[in-house]
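Have a look at the structure below before the remarks.
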Amino acid sequence: MGSKQESVIGAGCALDLTVDAHVHTGFSAGRDAVGVVVSAADRAGLTALTFADQAGPETTWLTAYADAVRRARHRTEMALRVAAEVEVVRPDGWLALPADLTQLDALSVAISALPLGDELLDARAVRALLADGVITAELVAEQLIAATVRGLERASRYVPTQLARPLALLAQAGVDDAAVSPALIADLAAACRSTGTVVEISEAWRSPSPRLVALLRDAGVTLVAASDARYAAEVGGWQYLRRV
């Protein structure tokens, strides 16, 4: 893997690759138990790990999940954090939050579908509307950034926030990130700074793009490495991040 200490992502700015800010377990989107993930992270030489399983209003396992992470803290020198990945589901930034957030050290905010009016449009629906000329790439980027900013503002009222797989929906819908203007990036960066949000560079989702990483870095946004691993063997495995 080369050096585990850092990987340069831009002049004067390095990313700590001993920290994995987003992993999943068998409680939700992952496949392995908390203890198995921790053991894999130890073998990869990590110093810190954030569990960020997908959760929502119907989630009932947060207490058991948090307890499992807390037990694992006694078996490792790594810093382990309990987080949950939550979705923005309305243009005003409304979040599909679990009922109880007291177990969490952080919220990882994601947008898997575009909130547009009263609808949530997945990547296929966005692509179809673009093909039919109903919407433009610039509108998609504008709406996605606006919903992201509002979602971060809401989430940060409760616990520290991080932004998961930033703008990955654009690539899924076939939108070139050139549609994201410098002004939109400035809006996103300002929201991240004002809310204390850290931005995940996702290995699994290859997101954000190198261009967006550079713009966010230059705007003073804190960037963190995130495998978004579903399997323990993927934790702390960096290929995209080393190329960014």
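The values are calculated or read from the model by the stated rules, or taken from the named source; none is laboratory data. What you see is a predicted model; the values in this text were computed from it and never measured. All Cβ positions, glycine included, derive from the backbone under ideal geometry; neighbour counts span all protein chains shown. With ligands, DNA and RNA removed, areas are computed over all heavy atoms of the protein, side chains included. Shrake-Rupley method; radii C 1.70, N 1.55, O 1.52, S 1.80 Å.
Give the ranking of F27, F51 by solvent-accessible surface, highest area first, calculated with a 1.4 Å probe.
Ranking F27, F51 by accessible area, largest first, yields F27, F51.
Grab the Cα-Cα distance for A33 and R124, subtract it from 0.36 nm times how many residues apart they are, and report the gain in nm with one decimal.
Result: 29.5 nm gained on full extension.
With every protein chain kept in place and ligands, DNA and RNA left out, what is the accessible area per residue of the chain? Probe 1.4 Å, answer in Å².
On a per-residue basis, 43 Å².
Rounded to the nearest 5, what is the percent of antiparallel bridges among the DSSP beta bridges in the chain?
25 percent
One quarter of the convex hull surface, Cα atoms only: what value does that give for the chain in nm²?
Mean shadow area of the hull around the Cα atoms is 12.4 nm².
Quickly estimate the mean residue ellipticity at 222 nm for the chain, helices only: each DSSP H run with n ≥ 4 gives -39500 (n - 2.57), and the total goes over all residues, rounded to 500.
Computed ellipticity for the chain at 222 nm equals -10000 deg cm²/dmol.
Once the dipole of the chain is set up with Lys and Arg at +1 and Asp and Glu at -1 on Cβ about the Cα centre, which of V34, G93, V159 lies farthest towards its positive end?
The residue sitting most towards the positive pole is V34.
Over region 48-108, what lengths in whole Å, largest first, do the semi-axes of the equivalent ellipsoid take, defined as the square roots of 5 times the eigenvalues of the alpha-carbon gyration tensor?
So the equivalent ellipsoid measures 24, 12, 7 Å along its semi-axes.
Run the 1.4 Å probe and let me know the accessible area of Y231, rounded to the nearest 10 Å².
Spelled out: Y231, probe radius 1.4 Å, area about 110 Å².
Please list D20, D105, D118, D132 from largest to smallest accessible area, probe radius 1.4 Å, with all protein chains kept in place.
Correct descending sequence by accessible area is D118, D132, D105, D20.
When a/c reaches 1.5 or more, the comparison of a/b and b/c decides; with that in mind, is region 15-79 rounded, prolate or oblate per its Cα gyration tensor?
Prolate is the answer for region 15-79, as a/c is 1.5 or above and a/b outweighs b/c.
Over all directions, the average projected area of the alpha-carbon convex hull for region 3-137 comes to how many nm²?
Its Cα hull, projected and averaged over all orientations, spans 11.2 nm².
Report the extension gain between L101 and A79 in nm, rounded to one decimal, defined as 0.36 nm multiplied by the number of residues separating them, less their alpha carbon distance.
5.9 nm
Mind pulling the angle between the C-alpha long axis of helix 34-43 and the longest principal axis of the chain? Nearest 10 degrees, somewhere in 0 to 90.
That works out to roughly 80 degrees.
Using DSSP loop states and a limit of at most 11 other Cβ atoms within 10 Å to flag GluC sites (Glu not before Pro), what is the longest stretch of the chain containing no flagged site?
After excluding every exposed loop site, the longest remaining stretch is 78-244.
Quick check: the angle from helix 182-195's long axis to the longest principal axis of the chain, C-alpha only, nearest 10 degrees?
Long axis of 182-195 versus the principal axis of the chain: about 40 degrees.
Percent of accessible area on the chain owned by carbon and sulfur, 1.4 Å probe?
With neighbouring chains kept in place, the figure for the chain is 51 percent.
Please compute one quarter of the surface area of the Cα convex hull for region 125-244 and express it in square nanometres.
Computing the convex hull of the Cα atoms and averaging its projections yields 7.9 nm².
Where the only charges are on Cβ atoms (+1 Lys, Arg; -1 Asp, Glu), what is the dipole of region 128-197 about its Cα centre, to the nearest 20 debye?
I would put it at about 460 debye.
Need one number: nm distance between label points at A48 and I135, each 7 Å from Cα along Cα→Cβ, rounded to one decimal.
Distance between label points: 3.5 nm.
Report the local net charge at I135: Lys and Arg +1, Asp and Glu -1, summed over other residues whose C-beta lies under 12 Å from its C-beta.
With Lys, Arg at +1 and Asp, Glu at -1, the neighbours total -3.
Can you figure out the FRET efficiency of A178 with T60, using R₀ = 41 Å and their beta-carbon distance, to the nearest 0.05?
Computed FRET efficiency for A178 and T60 comes out at 0.45.
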